[in-house]
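The values are calculated or read from the model by the stated rules, or taken from the named source; none is laboratory data. Since we're looking at a predicted model, the values are computed, not measured. Because the Cβ atoms are built from the backbone with ideal geometry, glycine has one as well, and the counts that use them run over all protein chains shown. In case anyone asks, the SASA skips ligands and DNA or RNA and just uses the protein heavy atoms, side chains included. Shrake-Rupley method; radii C 1.70, N 1.55, O 1.52, S 1.80 Å.
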Amino acid sequence: MNPATTNTAMQEFWQNLRAAPRRIYETAFRSGKPVTDRTRSSFVFGNLFLHLHSVRTHLWSLRWSTTMGLGIASTAAFLITLVTGILLMFYYKPYPDVAYDSIKDIHFVVPTGRFMRNIHRWAANVMVVTVILHMARAFYTAAYRRPREFNWLIGLGLLITTLGLSFTGYLLPWDQLAYWAITIGANIAQSPREVTDAVGITEYFDPGGLQRLLLLGSDEVGSESLIRFYLLHVMILPLVLAALMGVHFWRIRKDGGLAKPEDADARLSGRERDTYPVFTEQPAKTYQLAAIVRGKTEVVNRGPENTVPSMPHLFYAELAVLMLTMLVCLALALVSDAPLKDIANPNIPENPAKAPWYFLGLQELVSFSAFMGGIGIPTIVIIGLGLIPYLDRERTGTGVWFGGPGGWKLVRQAVAYGLGACLAVEALVIRFGWLREWFPNVPQLIVTLINPATLITLLYGAYSVWLVKRYQSARAGALGLFTCFLCGFLVLTIIGTWFRGPNWVFYWSPSDWPRH
Amino acid sequence: MTLHPGPTRSRLDPEPVPRRDMLGLASLWSTALAMLFGMFGIARLPKAAVLSSPSKKFRVTLPETLGPGEVFMPAGRKVALFRDAEGVYAVSTVCTHLGCLVKQAEGGFECPCHGSKFSADGTVTKGPAPQPLPWLKVTAAGGAFTVDEGEMVPPGTKVNA
Ligand code: HEM
Ligand code: FES
């Protein structure tokens, strides 16, 4: 063999070895630094995690007032709970004898344990708030309209899953708060019995009993229930949420980005200086593939004018929202500890036994009728929310805050009506009681059908029908009803949180609660 | 030569399913059926056949002094026991509204969770509870009594030692 060739092979080997780190970097990030329009584009579509975004983003979507960053904030809060939750799993043990102690360990012994637990708790709360606000913004900007109807439904799935995650997480510390909130929750699942009992068919048809049995895995809250809630909390619901989130984001892209008014480009006039024509090299846009796809995608026939590269414009904004969410969660976790009461005691109910705050509105309704408050009205609300995009087929006002007939003026009135109606009914009940106090022998079925909860629902429904007639518009009715729903949620939650004391009696302030 | 002989068809028309595509249809339907049966199994598993809860029967000895109108609540049990001239009876203390434990109060019981009130025989007098507190089965057992928290009896059923 010729020594010269050996030499070059060895040289080449060393060269390659030295070049390896650089080449690993280059092969991982193939498109190079995102400095030109082209490399910025490939930065997005060349990356598995970023390519759910489109390469360019319309300026309208980037306006702060379009989204207020609420969807991203929800995502951020979810990511924070994901990371801290996995950390908590290192020490948490889902068995009744040890669950409480393991949380105590996390709180008092594990390094950074208390901080992580606090962050997890607070991020979960932040997520509930941002998801509700995000739904409100999608509603008020009429962003649910064609072609986004189905994404609104996916959103509802996300809302329910988010609430499910909070509810299942609440049991895990196995303290008094947890135990009695879950006892009440499981019995709400059983409450269809209120109706089947009244009609006398529970023996043959007992959906309530089945729901409770499936939830608890037993006929009382015990080790089986804890395992089930744990499984739901750390496995099933997060997977469902992640899958739904994936579909949610993907559809936003397929629906042509975020909803914007027809005249968005005109409304943006004055900002064109930030953008410049995209197809400077070869202005040929081909639609050949699109020819075999049914209908037209939302971006066909529209130039990419008034768009900017997603990298950096959108991504940096998203990062900013992530940081802001993180900041809020960290700050809350520093100033306020996640609660831990005494260990669960099946023989002494917590008094008052309160669920997490976002369920206290429901708990207020449940204190009128378990079935109506816990199942009947929530079902009506969810069906009603789900139908919104299919009943409102109008086009005016899409992408504009409080868009549609009536607009902001209608919403203001609806706020007054929504708060007023709910407060009036509550005041009546708190002051004078309800049917059973007036007619001790009233049949249960009557109480289930006619109670403060159904009355409030009816008042809201009637108002909304009146609005549809008055403005000749389904959107006007929806604006009124949704606003009333938010107001009712607010009033009931506040009453349940701050004005209900032992025995669920109304007190002006917790300092008036009887000592015991 | 044309690549696609025959009448021109739009890409938007649905394609006819070839009738001889047996294998394709068979795999489609067998998958669907397998999934369906799989779902039955998946749905059946979480519904427990045997419940893990501890025995609901227990023995109590009533205090000698227990008189009519007084109540005896054995520790760790969800039962209130009474004794009057006609005999002994047990009323469940699990609220029929949403399962909190009722406490003894003036004229009967009250529930801490949503304020339901019951008279001493279990009848609802106030609040959201849809049903009276059930009476539970009591059997005399040689001076003491056995109470079965799992079995209800019609209100008014009393037992003598
Ligand atoms: C875990 C919960 C959720 C997450 C993480 C999430 C995330 C997002 C994100 C990131 C966007 C992009 C725009 C924005 O930031 O606002 C979005 C848009 C949207 N979301 Fe959600 N969302 C959630 C729940 C919901 C709910 C509860 C609804 C309504 C019932 C909903 C309906 C919509 C609709 C209709 C859009 C399109 C808005 C438009 O085109 O302007 N989402 N979501
Ligand atoms: S559980 Fe007793 S009143 Fe609600």
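In table form, for the structure just shown:
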{"read-out": "Number of the exception - residue B:52 against (1) open to solvent by 50 Å² or more (accessible area, probe 1.4 Å); (2) more than 9 Å from chain A (Cβ to nearest Cβ); (3) not acidic (Asp, Glu)", "value": "(2)"}
{"read-out": "Unique residue being of a type outside the set (Asp, Glu), closer than 20 Å to residue A:341 by Cα, within 11 Å of another protein chain (Cβ to nearest Cβ) and part of a helix (DSSP H, G or I) when the list is A:182, A:227, A:188", "value": "A:182"}
{"read-out": "Residue B:81 assigned to a loop (DSSP other than H, G, I, E, B), under 30 Å from residue A:501 (Cα atoms) and open to solvent by less than 10 Å² (accessible area, probe 1.4 Å)", "value": "no"}
{"read-out": "Total residues in the range A:84-104, condition under 14 Å from residue A:175 (Cα atoms), assigned to a helix (DSSP H, G or I) and open to solvent by 70 Å² or more (accessible area, probe 1.4 Å)", "value": "3"}
{"read-out": "Residue check, residue A:81 polar (S, T, N, Q) and either farther than 30 Å from residue A:401 by Cβ or not assigned by TED's automatic domain parsing to the domain that holds residue A:135 (or both)", "value": "no"}
{"read-out": "Check on residue A:402, under 23 Å from the mean Cα position of the chain (by Cα) and among the aromatic types (Phe, Trp, Tyr)", "value": "yes"}
{"read-out": "Test: residue in the range A:158-176 that is within 14 Å of another protein chain (Cβ to nearest Cβ) and not basic (Lys, Arg)", "value": "yes"}
{"read-out": "Qualifying residue in the range B:111-132 (condition: farther than 30 Å from residue A:350 by Cβ and open to solvent by less than 20 Å² (accessible area, probe 1.4 Å))", "value": "no"}
{"read-out": "Matching residues, the range A:202-259, being without any contact (Cβ under 8 Å) to a residue 60 or more places away in the chain and β-branched (Val, Ile, Thr)", "value": "A:202, A:236"}
{"read-out": "Any hit, the range A:358-375, residues being of a type in the set (A, V, I, L, M), under 21 Å from residue A:490 (Cβ atoms), assigned by TED's automatic domain parsing to the domain that holds residue A:492 and away from ligand 2 (no atom under 16 Å from the Cβ)", "value": "no"}
{"read-out": "Condition check for residue B:105: away from ligand 2 (no atom under 16 Å from the Cβ), more than 26 Å from residue A:209 (Cβ to Cβ) and either surrounded by fewer than 16 Cβ atoms within 10 Å (Cβ to Cβ) or touching a residue at least 60 places away in the same chain (Cβ under 8 Å) (or both)", "value": "no"}
{"read-out": "Of residues in the range A:486-510 being open to solvent by less than 20 Å² (accessible area, probe 1.4 Å) and in contact with a helix residue (DSSP H, G or I) (Cβ under 6 Å, 6 or more places away or on another chain), the one farthest from residue A:352 (Cα to Cα)", "value": "A:487"}
{"read-out": "When residues of the range B:84-99 are limited to those that are buried (at least 23 other Cβ atoms within 10 Å of the Cβ) and without any contact (Cβ under 8 Å) to a residue 40 or more places away in the chain, the one nearest to ligand 1 (Cβ to nearest atom)", "value": "B:98"}
{"read-out": "Entirely in the range A:307-413, the helices (runs of 4 or more DSSP H) that have 3 or more residues that are in contact with a Gly (Cβ under 8 Å, 6 or more places away or on another chain)", "value": "A:310-335, A:360-366"}
